[in-house]
Amino acid sequence: MLVDQTRYYYTTGTGQAGPFTPEELRTHGLTRETLVWAAGMESWRPAGEIPALADVLVAPPPLPGTAASPKRRRRIWVYAGLGAAVVLALLFFDLIRPPAKQPLQTPPLAAPEAPATVQPDTSALRIQAEAEARTRARATWRDHVTAEALPYTYSALGGISDLRVTLTNQTEYPFEHIVIAVDYIQRNGAIYKTEEVRFVRLGAASTQTLPFPDSPRGVRISQPRITAARSDAMELVYRY
């Protein structure tokens, strides 16, 4: 009779044990649900699915009133004696067998999958933060956009020339245009005329200088002032 010499590993409550032959596994209390593996198997499988292990699995005790007959008990004792002889023979051969050069590597048990984590909706948070930043910028942009007149030429008898104005944008937002107005003031304090110049495409954190028209009258000018502005990035439209 051929004896199955396949050596099996089986899982325990804390890890794995083996390898053992089917006969050796008789004393290890394997059930149909115990996971086993041997060389040539792709993965761990329940012992109940392995035909070679059908005789070594632990079966439930007989129901009351169904005790084995004397003939069946004698057969059990015969099988037990044969099994013990086989186990002793296997143990003897295992003792005289030279040790293996390398231990047989078993596939790792599958680890439980980690629960999926829910990622926050960063796009909604970003949109809200950008809207709040635009609101703050619209409330304070006049403090960060300034116009300054550069030195110019004027006549004691009246007349202003070579007037230029520098516009500075210190905000993080570009402007489509900003209109700067300057009054030309005569010696008696009356305003001779007002000129407006449009500054276009003023970038964020940038400056721009433009000339203003000459005037045949006037001995000084007023402080340059903003009369209109538009910034699509800031969602701003301003008119003085």
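The values are calculated or read from the model by the stated rules, or taken from the named source; none is laboratory data. Since the model is a prediction, treat every value here as computed from it, not as a measurement. Quick reminder, even Gly has a Cβ in these numbers, built from the backbone with ideal geometry, and neighbours come from all protein chains shown. Ligands, DNA and RNA are excluded from the accessible area calculation, which covers all protein heavy atoms including side chains. Shrake-Rupley method; radii C 1.70, N 1.55, O 1.52, S 1.80 Å.
Structure notes:
- Checklist (1) among the hydroxyl-bearing types (S, T, Y); (2) open to solvent by 80 Å² or more (accessible area, probe 1.4 Å); (3) over 30 Å from E235 (Cβ atoms) applied to S161, failing item: (2)
- Just so you know, in the stretch 12-52 the residues that are over 25 Å from F93 (Cα atoms) and polar (S, T, N, Q) include one that is farthest from the chain's Cα centre (by Cα), and it is T31.
- Given (1) in a strand (DSSP E or B); (2) in contact (Cβ under 8 Å) with a residue 40 or more places away in the chain; (3) open to solvent by less than 20 Å² (accessible area, probe 1.4 Å), number of the condition Y184 does not satisfy: (2)
- A131 vs. criteria without any contact (Cβ under 8 Å) to a residue 24 or more places away in the chain, aliphatic (A, V, I, L, M) and open to solvent by less than 80 Å² (accessible area, probe 1.4 Å): yes
- Taking the criterion of being open to solvent by 70 Å² or more (accessible area, probe 1.4 Å) and either closer than 20 Å to S215 by Cα or part of a strand (DSSP E or B) (or both), the only residue of the stretch 164-181 that qualifies is R164.
- Counting only residues that are under 21 Å from A85 (Cα atoms), of a type outside the set (K, R) and surrounded by 12 or more Cβ atoms within 10 Å (Cβ to Cβ), the stretch 19-43 holds 9 of them.
- The residue of the stretch 44-61 that is surrounded by the most Cβ atoms within 10 Å (Cβ to Cβ), among those that are modelled with pLDDT under 85 and among the β-branched types (V, I, T), is V56.
- Considering residues of the stretch 148-158 that are of a type in the set (A, V, I, L, M, F, W, C) and in a loop (DSSP other than H, G, I, E, B) only, the residue least open to solvent (accessible area, probe 1.4 Å): L150
- When the stretch 187-210 is limited to residues that are outside any strand (DSSP E or B) and at negative phi, the one that is most open to solvent (accessible area, probe 1.4 Å) turns out to be R187.
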